[in-house]
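The values are calculated or read from the model by the stated rules, or taken from the named source; none is laboratory data. Computed from a predicted structure; not experimentally measured. Backbone-built Cβ (ideal geometry, glycine too); neighbour counts: all protein chains shown. For accessibility, only protein heavy atoms count, side chains too; no ligands or nucleic acids. Shrake-Rupley method; radii C 1.70, N 1.55, O 1.52, S 1.80 Å.
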Amino acid sequence: MYKEPTDMRFGINSLAGLVRNKLGFDPMNGDVFVFIGKRSNQVRILQWDKDGFAMYIKKLEKGTFERPILSGSSITSSQLSLLLQGVRLESVSYRKRYDALKRA
């Protein structure tokens with residue numbers, strides 16, 4: 001996720017440039033990159049899909065998207081889903097689940 005407010009006039013090439021130059025990632029690695037506009041009422045999602053870029057745009061008629069507080073630059077797919085639905089990420093609490101990585 002790109003932390004800074006993004007100009008929503010940016011197209012695929014400009015967003016791919018932000019991924020490469022500001023985030024330091026290869027935009028063609030298949031990851032999903034999320035950008036929130038300056039007014040926080042629009043989000044753009046960019047992904048390389050094996051043979052070309054796909055860009056998803058969601059613009060709200062009313063309200064804003066939450067700009068999550070990140071320790072790094074990534075969010076989970078469930079956090080992205082909640083963000084797009086308008087759920088406040090800070091108020092979400094998860095039930096305990098089995099974690100194979102913590103078992104060892």
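Scanning region 1-19 for residues that are among the charged types (D, E, K, R) and without any contact (Cβ under 8 Å) to a residue 40 or more places away in the chain, we see that the one that is least open to solvent (accessible area, probe 1.4 Å) is 7.
Determine whether residue 30 is surrounded by 10 or more Cβ atoms within 10 Å (Cβ to Cβ) and more than 19 Å from residue 3 (Cβ to Cβ).
yes
When 72, 86 are checked against the criterion of being on the phi > 0 side of the Ramachandran plot, modelled with pLDDT under 95 and of a type outside the set (A, V, I, L, M, F, W, C), 86 stands alone in meeting it.
Of everything in region 33-57, what is outside any strand (DSSP E or B), open to solvent by less than 70 Å² (accessible area, probe 1.4 Å) and without any contact (Cβ under 8 Å) to a residue 12 or more places away in the chain? Give them in sequence order. Matches in region 33-57: 52 only.
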